[in-house]
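Worksheet: the structure to be examined is printed underneath.
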Amino acid sequence: MEDKASSVREKRWSLQGTTALVTGGSKGIGHAIVEELARLGASVHTCSRNEAELNNCLQEWQKLDFSITGSVCDVSSRAEREKLMEKVCSTFNGTLNILINNAGTGRRESFLNYTSEDFSFLMATNFESAFHLCQLAHPLLKASGRGSIVNISSILGKVAVDSAALYSATKGAMNQLTRNLACEWAKDNIRANCLAPGHIRTPLLQPILENDEEFKSEQRARTPMGRLGEPEEVSSLVAFLCMPAASYITGQVICVDGGRTVKG
């Protein structure tokens, strides 16, 4: 009986035998998510716009004996998203357990200076890509019998900072998309959750940290834990939300921010 109980516990806290697609997996939070899922037993496919970066990652993952494949994809392109999902369908034989919409970008600008090109690019990269990939992934997630979507948003979808109105709007839209999918697709045994990281030490944030000392000091002062987060502090929660142990959690937007949003 003890062996059987132990086996049940292990399955609840494992991703062994599952399949996952993680967008934007060559660096930052996406890179940490890919490795977290692979360490827990998932077979992962990831993508990046940068072929050289992706190939370097794939070589390193191969040395670690991770079950990870990858392809070049600019998620802002509808045609490339469709090609990506065809690749995933082929790689995982028509089923998918986990979809992580992580790829995204930002552009700091005062509101009146945003252009129509800025709007189109940020919406396509951050929000439209997640919206469309969820549509494309639905039959694969449903076929798996137990699907989990985790969207990577931002605390800027919940709080305001200067020079980030457009980026914040895309993340707010992602938060609401998550809630709607959780309700609409529960009947298909697909859960949808969203993580809203605070200021995490990633390549996207690095230029601001290096060039805007006032911003860095202010954000640290407003974060109760008094420091930036690390990508692995986000990826661990992503992995949990994909496990059987999290089977009753859906429709949630969870901040991973060292307390930044509760301090105001």
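At least 2 residues that are open to solvent by less than 10 Å² (accessible area, probe 1.4 Å) and touching a helix residue (DSSP H, G or I) at 6+ places or on another chain (Cβ under 8 Å) in each: list the strands (runs of 3 or more DSSP E) lying fully within the stretch 54-172 that qualify.
Answer list for the stretch 54-172: 98-101, 147-152.
Take the residues of the stretch 27-48 that are among the β-branched types (Val, Ile, Thr) and in a helix (DSSP H, G or I): which is surrounded by the fewest Cβ atoms within 10 Å (Cβ to Cβ)?
Ranking the qualifying residues of the stretch 27-48, first place goes to 34.
The values are calculated or read from the model by the stated rules, or taken from the named source; none is laboratory data. Remember, predicted model here, so these are calculated numbers, not experimental data. Methodologically, a virtual Cβ is constructed for each residue, glycine included, from the backbone with ideal geometry; neighbour enumeration extends over all protein chains shown. Note: accessible area is taken over every heavy atom of the protein model, side chains too, but ligands, DNA and RNA are not part of it. Shrake-Rupley method; radii C 1.70, N 1.55, O 1.52, S 1.80 Å.
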